[in-house]
Amino acid sequence: MAPTFRPHRLQAPFVIREALVRVCAALAARQLIAGQDGNVSLRIGPDRLLVTPSGFAKGALDVDDLVEVSLAGEQLAGRHPATSELGLHLAAYDARPDVHAVVHAHPVTATAFTLLGESIPDGVLAELMLTVGTVAVAPYAQPGTAALGNVVRPLFRQHDVILLAHHGAVAAGRSLQEAHFAMESLEHGARMIHAARQLGRIISLEDAACDALREARRGARNGSASDAAFMENGND
C-alpha cells in the first residue's frame, strides 16, 4: 500500500524553505548529486522536520515542493511524499539531539573509497580534521530501507560525517550550513587525498599535530554552539 500523506500548508517560513532549496541547488552544482539523487532535512521545531520530496531532481526544487514530517516519520504537510531515505535522516536526529540538519549526497571520490573497502584516511589533512573530523564507514545497507538507518544510528553518536558503503555519504550538522559545508569538505578532501596517491606515498601528520587539531575542533564546536543555533533560525 502506498503511504498516505497530508497536503496541508507548510509551516516553515519562506526564508527557511529557500535556504534548503539553495543547498540542494549547490549540491547539484558541485556534482555531489545527480538526477534524483540525494536528500536534505532541517529541524524546524521540537518534533517537526522540513525535508526534500521523493522523486525530484534536487537541483531544480521549488520552495513549495518541500515536505514536513514528524520525528516519528509521519507526514504533516506537503503536496508530495517525503524522501524515501527519511529513515536515514531520522536516525541522525534520534542519535544526536544537537543535530539540526542532515545532508545525504553521492560524492564521487569519497564514495569511491568505499568501493575499495576503505575510508577517508584520518590524520593527513589538517582542514579535513578541523571541519569534518574522523569519517566513519557504515556497512552496506539497501537504500530506502530501515536497515540503513539502523547501521548509521550508532555511528552518528561519535561522528558528524559517515560514508555509506557502495552508496554515498551523509553529514549531520547543528545548522543547515554546517551539514552542507561538511559534505563539500568531505569530497574536496577525498579528491586531494586521491591526487596525492597518484603522486606517491601519503605522509601522515605526527601524533602531536593530530591531537592539537582534534582539540581545536572540539574547542571551535563548543564555542560556536550559539552561532549554530542562530543560523538555524533562518540565517543560513
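Nothing in this text is a laboratory measurement; each read-out follows from the coordinates by a stated rule. Not measured: the values here are computed from a predicted model. FYI the Cβ positions are ideal-geometry reconstructions off the backbone, even for glycines, and counts take in every protein chain you see.
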Of Cys24, Cys210, how do they rank once you tally other Cβ atoms within 10 Å and put the fewest first?
Cys210, Cys24
Which one, Gly45, Leu163, Ala146, is farthest towards the positive end of the dipole of region 14-232 when Lys and Arg carry +1 and Asp and Glu -1 on their Cβ?
Leu163
Projected area averaged over all directions for the convex hull of the alpha carbon atoms of region 144-207, nm², comes out at 6.2 nm²
Please build a GNM for the chain, connecting alpha carbons under 10 Å apart, and tell me which residue among Met183, Met192, Met129 fluctuates the most.
Met192
Rg/Rh for region 71-126 to two decimals, with Rh computed the Kirkwood way over all alpha-carbon pairs.
1.09
With runs of 4+ DSSP H residues as the only contributors, calculate the mean residue ellipticity of the chain at 222 nm using -39,500 (n - 2.57) per run, divided by the residue total and rounded to the nearest 500.
-13500 deg cm²/dmol
Take each uninterrupted DSSP H stretch in the chain, measure its Cα extent along the helix axis, and return the ones at 18 Å or beyond whose mean Kyte-Doolittle hydropathy is at least 1.0.
14-29
Mean-square fluctuation maximum in Gaussian network of the chain, Cα pairs under 10 Å, restricted to Asn222, Asn150, Asn39, hits Asn222
Can you find, among His194, Ala182, Pro13, the residue sitting farthest towards the positive end of the charge dipole of the chain, where Lys and Arg contribute +1 and Asp and Glu -1 at Cβ?
Pro13
Taking region 95-152 as the region of interest, what is the percent of Cα-Cα pairs per 5 angstrom bin, listed from the shortest bin to the one with the maximum distance?
4, 14, 19, 28, 22, 11, 3, 0
Quarter of the surface of the C-alpha convex hull for region 1-81, i.e. direction-averaged projected area in nm², equals 5.2 nm²
Rg(Cα) of region 7-50 divided by 2.2 N^0.38 Å?
1.29
Return the ratio Rg/(2.2 N^0.38 Å) for the chain, where Rg is computed over Cα atoms only.
0.99
